[in-house]
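Rule-based calculations on the coordinates, nothing more; no lab input. Nothing here was measured: the structure is a model prediction, and the numbers come from that model. A quick note on method: Cβ atoms are made from the backbone with ideal geometry, for glycine too, and the neighbour counts reach across all protein chains shown.
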Amino acid sequence: MRATLLQSVFPSDSNSLGTLFAGTLVGWMDKASAYAAMRRVHGPVVTVAMEGIEFRRPIRVGELVEVDANVVRVGTSSLRVKVDVWRERLDTAGRELCVEGHFTMVAVDSDGRPTPVPPEADEA
């Protein structure tokens with residue numbers, strides 16, 4: 001299951017060097033991973049871990065950011081989501097992978113307690 005976010009980097013998203021704040025980007029990554037996991041479980045999830053977030057290239061004001069989240073493993077109540085972040089310069093149509101990371105999400109019930117991930121429709 002996948003989810004993709006597109007964001008533009010505005011000056012209010014950047015530091016004094018004109019590059020995207022890491023915390024803002026991690027928030028976007030967390031949202032995308034939650035959306036991918038929610039699509040898979042057909043319900044709410046919470047973030048329990050962020051691992052191996054590697055910032056390879058800076059993302060600058062004015063660039064388009066694509067955050068691609070893909071569920072790569074499903075456990076009893078948890079899901080591991082790989083997140084890739086791409087930057088795109090609209091003036092050159094150049095696209096580069098800038099950041100990678102993994103998020104662990106847990107399916108929860110209406111009281112916020114872990115609940116089993118249901119089988120996919122084709123697994124039932």
Here the residues within the stretch 1-48 that are in contact with an Asp or Glu (Cβ under 7 Å, 6 or more places away or on another chain) and over 27 Å from Ser77 (Cα atoms) are Leu6, Val9, Leu20, Phe21, Thr24
Taking only the stretch 90-105 into account, find how many residues are under 27 Å from Thr47 (Cα atoms) and among the aliphatic types (A, V, I, L, M). 3
Please give the number of the condition Val83 fails out of (1) buried (at least 17 other Cβ atoms within 10 Å of the Cβ); (2) touching a Pro at 6+ places or on another chain (Cβ under 7 Å). (2)
